[in-house]
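Notes follow once the structure below has been shown.
Read-outs: derived from the displayed coordinates by stated rules, not from any lab. Here the structure is a predicted model, which is why all the values come from computation and not from measurement. Because the Cβ atoms are built from the backbone with ideal geometry, glycine has one as well, and the counts that use them run over all protein chains shown.
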C-alpha cells in the first residue's frame, strides 16, 4: 500500500490533538472514556467480518463468532434470560438493536401498534418509519417516565390491535426507567394477552445488573427483546451494542426470511468483528466484580455532583440507580464547551467512569474560559478574578488569539462571542 | 482499566495466529487484504462517534465528520453525481446502504413495488421484508444479468404502480452488471415515468471509475441512489460503505422525520467514526492513479487465473471489467479451504489486490494438503507425488497430527476426512 502523504499525516495529527482536547470535556454523553484496548490493534490488519448469525457457521472464516457468542452469553446472563430461551448478536449500536426488536415485534404482530413515550430517544420515530409500523406517542411525565394514565387510556381505546410497547430502561434525557411491572399490570387490567415488549436499555442495561436494588429490567420481567449499547457504560472506540430477543420470535423471522432464500437473521449482514472482540476484552478485564465497582464509582460521583450543584444553589437531581444528573439548562456556551445535549429548560451530565471530582468541582476552569456555577445556574465567564461574564459580549479574533482561546472558537461562536475572520 | 488476564491474552494470541493463517487462503470473497492503516490506531483510545448527518453540526464533537464529508465527495465525483445534486454518508456496510436506498424509494413511492433479479444478494429479500415493501423477484440469465424480457413482461402487467428497480452493478456470484440504458429503455417503452432506480454497486462501484471503458453505473445513467462497499475493493478491517442518493429524495425523508422530531437522516444514528478515517486514508494513499493501477493489476490477475484454469481444462470466465472469475463448482474441501462461496454448480474466485500469481498457480499447495486442477475440475489431494485424492477417504486424527494438518481440520471435516476425537 502506498505511504500516507505528509499532508495527510499532518491532518490526522492535528485531528488527534483536537480529539484529545475534546475528550477532556466530555460529561454530556453517556460514553465511558476510561478504556484502552491495545489488544485489538493487531486485528486491524485483517478483513474480519462476522457475516450474519454468529451461532451459524460461515464459509467466511475470518470472523470472531466464538468471541461474539461469549459476549452474547454474558449479556443473556445479566439480562436474566433463561438458558436457551433467547438469541442475540452484537449490533452496530442502539439504533440497530431497537430496530431489530421492533422488526421482530412487527413480524409477530403485523397489525400491531408501537407505543412509546415522548421521552424515548428520537431514533424510535425513525425506526418506526423505516419499518412502516403504526405508532402512537404517549405523554411523558416531567421526571422522564411514561405517563401511565395516558398509556392506559390510549390502550383502552384500541384493544382490537396488539400493542408493541417500546419501554425505556433509562431515558436519554432523565435516565428514567419505565416501570415494567406497572406496564404489565395495565395490560393485565385491560385483558390484553397479545402484546410485545421491547426494552431500550442502551445505558442502564449495563448498570442495573451491578446494583443491589435494581428496578425491573430484564427477561425475568417478561420482556420480549432488549437493546443495550456497548459504547456507553462499557466504553468502546466505536459504537456497538447487543440485541437479545426471545428465541421463538427470532425463529419465526428466520423461517420467513429463509423462505425467501436468506439464512441471515441479523439486520446488518456483514458485521463488524472487532466490536465483539472489544466487548469480550472489556468483560475479561472488568469481570463482574469490576463492573460492580465501576457502577458504584459512577453513582457516588453522581451524588457528589448533585451535592456540588446544590451547594451552589443549582437544583440538580437524579433517578435511583442512574448516573444521569439533571439540572436547569445553563448558558449555551457551557453546553457547547461540555458537549451537553440540552432539552428545553433542562440539561444533564452523566458521571461516566472517566468523570472525576476535579471535572465536577470546576465544571471547567480552563486557561482562558471559566465556567462557574452561580446565581442558581451555570454561566461562562472570563477568567478574571471578578468573573465577568463574557457570554453576552463580542470578542475579537485578536483578543481570542491573545488569550490563546482559538481552541474555544466553537464554544464562543455558539455564544456569538468570537467574530468571524472577515470581521476582524 | 484492569489488565487483560493472561488466559485472555493467550486466547487472543491464538486467535490472531488462526486469522493470520486464514488470510493466506482468502480468494473467495471480494475483500482486498493488501491494506495497512497504522494511522488509525491512535484513534482507538477515543469515544469517536459520527452521530447522524455528517453535513450537520453535532454537539457530540468527538466526530470525524470533516473526513467523512471528503470521503462522500470523492465517491460523488467518481459515481458521477452533479455538484450539490446528491447527499451521502459512510454506512456500516452494503446492507445499510441498500436499505437506505430502498427506504428512500419506498418513501418516495409508498405504493411502489421493488423488482430485483434472482442473482441479487440475499440481503435484498431481508431488506424488503424489514421495510415492509412489496417486491417481485425477476428471473436471472445464466450469466448473472437480469432477464430483461421477464422484467419487461412483469412491468407491463403492473403499470399502475411505480417500479423501484434494484439494479446490480456487479452481482455477488457472477460479477454481472445489469444494463442500465436497457433498463431505462424498458421503462420508456412502457411509458413509465414514475420510477426509482437504486444500484447495488458493492464491489464494482469502486472498480468501474478506474477502467477505460466502463459500463453505465453512476448518477449520469439516471440512477436515484447507490450503495458501494468500503471493505471490498478499497479494503478495511471492518465492514463499511458509502450510500449516496439524490438530494431531493433525502430532503423529502428529512422533512418527514423532522416532523416527528428526528433530525437524523441516516439509518444508524450513532455511527462508526473510524471507518470514514480509514476510507479517507485509503483515498490519500492510493489517489486516483493508484486506484487505476490497482484495478489494472486485479483485472490482469483475473485474466491470468482464467488462462491457468483453461490450461488445466477448467472452463473459467469473467464479465468485462470484473475481477470475479467463475468456474465449475470444485470439491467441498477446496471450497472450505479457499473460503469460496459456491452457488449450485458454480463457484468463483475474486482476484482482489492481495491475490498473487503464486496463489493462483497453486490454488493451494500447502505442507499437507494440495489442491490441484485436474480432469476439468479442482480436487483436494494428499501431497504425495502421485497426488492421490484424499477427498473421499477417511483420515485418522493420528494421521492428521502426524502430517501436521491439525490446522486443516475444518477443511478436512468438510470432506469427512478427519474423524472426530472420540472415534480416534
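Calculate the mean, over all residues of peptide B:32-43, of how many other protein chain Cβ atoms lie within 10 angstrom of the residue's Cβ.
Values: counts 2, 4, 1, 5, 3, 4, 4, 7, 4, 4, 6, 6.
Taking the mean over all residues of the peptide, I get 4.
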Next item on the list: Taking every pair of Cα atoms in region A:167-306, average 1/r, invert it to obtain the Kirkwood radius, and report Rg/Rh to two decimals.
Entry: 1.02
Next item on the list: Rank the residues A:115, A:297 as a footprinting-exposure proxy: fewest other Cβ atoms within 10 Å of their Cβ go first.
Entry: A:297, A:115
Next item on the list: Measure of size requested: the Rg and Dmax of region B:276-336, with Cα atoms as the atom set and Å as the unit; please supply both.
Entry: 15.7, 45
Check: Per residue of A:231-239, what is the mean number of Cβ atoms on other protein chains within 10 angstrom of that residue's Cβ?
Finding: 6
Item checked: Order of A:187, A:208 - criterion: other Cβ atoms within 10 Å of each residue's Cβ, fewest first -> A:187, A:208
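What Kirkwood hydrodynamic radius, in Å, does region A:136-206 give when the mean of 1/r is taken over all pairs of distinct Cα atoms and then inverted?
Numbers: mean 1/r = 0.0799 Å⁻¹.
Mean inverse Cα-Cα distance, inverted, gives 12.5 Å.
By per-residue mean of other Cβ atoms within 10 Å, what is the highest-first order of A:327-334, A:38-45?
Details: A:327-334: 21.1, A:38-45: 16.6.
Listed from highest to lowest mean packing, they are A:327-334, A:38-45.
Please compute one quarter of the surface area of the Cα convex hull for region A:206-254 and express it in square nanometres.
4.3 nm²
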Notebook entry, point to check: How far apart are the residue A:110 label points across copies, placing each 7 Å from Cα toward Cβ, in nm, shortest first?
Noted result: 1.8
Checklist line | Cα centroid separation - region A:164-194 against region B:252-328, whole Å | finding: 44 Å
Next item on the list: Evaluate peptide A:54-61: per residue, the Cβ atoms of other protein chains within 10 Å of its Cβ; return the mean as an integer.
Entry: 4
Check: Would you list A:270, B:281 from fewest to most Cβ contacts within 10 Å?
Finding: B:281, A:270
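At 0.890 mPa s and 25 °C, plugging the Kirkwood radius over alpha-carbon pairs of region B:1-115 into Stokes-Einstein gives what diffusion coefficient in µm²/s? Kindly include the intermediate steps, with their values, before the conclusion.
Details: Rh = 18.6 Å.
In µm²/s, the coefficient rounds to 132.
Could you work out the equivalent-ellipsoid semi-axes for region A:55-163, taking the square root of 5 times each eigenvalue of the Cα gyration tensor, largest first, in whole Å?
The equivalent ellipsoid of region A:55-163 has semi-axes of 32, 16, 14 Å.
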Next item on the list: Can you list the distances in nanometres, one decimal and ascending, from the residue A:83 label point to the identical position in each other copy, with the point 7 Å along Cα to Cβ?
Entry: 6.6
Note to self: List, shortest first and in nm to one decimal, how far the label point of residue A:2 (7 Å from Cα along Cα→Cβ) is from its counterparts in the other copies.
What the structure shows: 4.8
Checklist line | region B:302-342: radius of gyration over Cα atoms, expressed as a fraction of 2.2 N^0.38 Å | finding: 1.17
Next item on the list: Note the per residue figure in Å³ for the convex hull of the C-alpha positions in region B:231-360.
Entry: 176 Å³
